[in-house]
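**Q** Questions regarding the structure given below will be posed in turn.
The values are calculated or read from the model by the stated rules, or taken from the named source; none is laboratory data. Predicted model only: the values in this text are computed from it and were never measured. Virtual Cβ from ideal backbone geometry, glycine too; neighbours counted across all protein chains shown.
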Amino acid sequence: MVEKPIATGRAMPTIAAAHGVATDSAFGAVVPPIYLSSTYEFAGYDKPRAYDYGRSGNPTRDLLAETLAKLEGGAGAIITSSGMAAFDLLVGRLRPTDLVLAPHDCYGGTIRLLKARAERGQIKLRLVDQGDHAAFADALTDKPALVLIETPSNPLMRVVDIAALSAKSRAVGAAVAVDNTFLSPAIQRPIALGADYVIHSTTKYLNGHSDVIGGAVVAADPAQVAELRHWANVVGSSGAPFDAWLTLRGVRTLFARVDQQQRTAISIATYLEAHPAVARVHYPGLASDPGHALATRQQSGYGAMLSFELAGGVGAVQSFIGAVQIVTLAESLGGVESLISHPATMTHADMGAEARAAAGISDGLLRLSVGLEAEQDLIRGLEQGLNACSA
């Protein structure tokens with residue numbers, strides 16, 4: 001495959017839609033082909049070609065990595081088998097004396113991974129409210145090796161200042177990794193704000209069709225790209241070529257999908273905020289949200305994820321789930337279909353009640369991933385569920 005150079009100044013939606021298109025030198029295929037081979041012929045004795053074995057390198061996987069790196073403004077990317085594998089690609093390289101500083105209210109799977117590593121003595125871990133400036137400053141005195149940032153947070157949509165946290169972290173010698181899964185590079189670019197790494201569950205918005213599990217780490221430093229690529233080969237966490245091809249197909253429509261989804265999301269958030277069965281809506285796109293001003297400054301939009309708390313608690317949640325229409329009760333997010341989840345019994349169940357309470361995740365909280373259905377249909381479907389709460 002011969003890559004055509006991307007013109008400088010080319011808009012990000014163009015990169016998403018066109019990077020790698022019409023570069024097939026063998027047959028002139030417009031869509032880049034899938035290379036499924038697990039191994040590659042050597043040119044001769046001690047003469048490996050650009051690729052020798054599928055775990056260490058694959059043209060299809062590399063094209064997706066190039067595209068994501070361009071979108072995130074990084075030096076390169078490593079494609080992994082899942083979002084958790086992407087997290088572990090960073091964390092797994094650390095030493096037992098290295099401290100990881102993570103948000104106390106981040107995704108349940110992230111906390112589960114970090115606690116599992118810490119319990120085995122493979123890392124040290126400290127969880128902190130990163131929106132509390134004094135608490136974060138105190139945590140930095142422990143000299144962490146890696147600071148993980150998740151903004152907006154999952155599931156409470158709390159927004160933290162990436163530029164400020166990155167500057168403070170790097171001042172004490174810590175590397176900074178930002179989970180950008182909720183927004184994608186269509187809305188937020190953490191490397192431009194000072195982050196060293198960006199982490200994605202490509203399963204979500206990048207793929208966008210709920211049919212692939214995958215992950216990615218984008219690094220700002222070329223040396224770190226090389227080290228991460230080496231480590232992915234060592235531990236065998238690389239993603240499959242067909243999954244990479246499907247994800248790249250999803251990336252082609254990323255900007256169009258996210259644009260439509262977030263326009264619907266603000267309408268739904270506004271509707272929910274005014275409904276008597278809803279105690280509170282968490283969505284930075286609302287002027288009433290405490291993260292609104294910061295989100296407006298560091299993001300180019302507000303995304304299509306939101307959460308809301310029902311006034312009636314668990315009983316209301318059960319009534320709502322039994323009556324809601326159009327929206328599907330399921331984990332995951334970022335697909336073309338709208339999904340709703342109950343964090344306390346689904347995505348964040350492993351945290352335990354005490355940790356959820358400390359993070360502010362109530363039993364009456366529901367998380368909504370807004371899809372591409374018609375706005376009026378989604379609101380009517382949610383209305384069915386809300387009406388059941390007050391019946």
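**Q** Hey, among the residues in the range 17-46 that are hydrophobic (A, V, I, L, M, F, W, C) and under 18 Å from ARG252 (Cβ atoms), which one's surrounded by the fewest Cβ atoms within 10 Å (Cβ to Cβ)? Lay out the reasoning, then the answer.
**A** Keep residues of the range 17-46 that are hydrophobic (A, V, I, L, M, F, W, C), which gives 17-18, 21-22, 26-27, 29-31, 34, 36, 42-43.
Now restrict to residues that are under 18 Å from ARG252 (Cβ atoms): 17-18, 21-22, 29-31, 34.
Details: ALA17: 16, ALA18: 14, VAL21: 13, ALA22: 11, ALA29: 13, VAL30: 8, VAL31: 13, ILE34: 15.
That would be VAL30.
**Q** Scan (1) within 28 Å of ASN207 (Cβ to Cβ); (2) among the polar types (S, T, N, Q); (3) without any contact (Cβ under 8 Å) to a residue 24 or more places away in the chain for the single condition GLN325 breaks and write down its number.
**A** Tallying (1) within 28 Å of ASN207 (Cβ to Cβ); (2) among the polar types (S, T, N, Q); (3) without any contact (Cβ under 8 Å) to a residue 24 or more places away in the chain, GLN325 fails exactly one: (3).
**Q** Moving to a separate point now. State whether the residues of the range 354-374 include one that is among the basic types (Lys, Arg) and farther than 30 Å from LEU246 by Cβ.
**A** Going residue by residue through the range 354-374, those that are among the basic types (Lys, Arg) are 356, 367.
In the following step, the residues that additionally are farther than 30 Å from LEU246 by Cβ were identified as 356.
Yes - at least one qualifying residue is present in the range 354-374.
**Q** While we're here: Which one is surrounded by the fewest Cβ atoms within 10 Å (Cβ to Cβ), of the residues in the range 69-126 that are modelled with pLDDT of 95 or more and among the hydroxyl-bearing types (Ser, Thr, Tyr)?
**A** Only one residue fits best here, namely THR97.
**Q** Mind checking which residues of the range 270-308 are over 29 Å from LEU254 (Cα atoms) and touching a residue at least 40 places away in the same chain (Cβ under 8 Å)?
**A** Residues of the range 270-308 over 29 Å from LEU254 (Cα atoms): 274-280.
Passing the criteria: HIS275, PRO276, ALA277, VAL278, ALA279.
**Q** Now, a different point. Would you mention how many residues in the range 136-171 are part of a loop (DSSP other than H, G, I, E, B) and either modelled with pLDDT under 95 or in contact with an Asp or Glu (Cβ under 9 Å, 6 or more places away or on another chain) (or both)?
**A** Start the filter on the range 136-171 by keeping residues that are part of a loop (DSSP other than H, G, I, E, B), which leaves 141-145, 151-161.
Then drop every residue that is not either modelled with pLDDT under 95 or in contact with an Asp or Glu (Cβ under 9 Å, 6 or more places away or on another chain) (or both), which leaves 144-145, 151, 153-160.
Of the residues in that region, 11 qualify.
**Q** Which of the following residues is part of a strand (DSSP E or B) and touching a residue at least 40 places away in the same chain (Cβ under 8 Å): VAL225, VAL198?
**A** Working: VAL225 fails: part of a strand (DSSP E or B).
None of the other options fit; the residue is VAL198.
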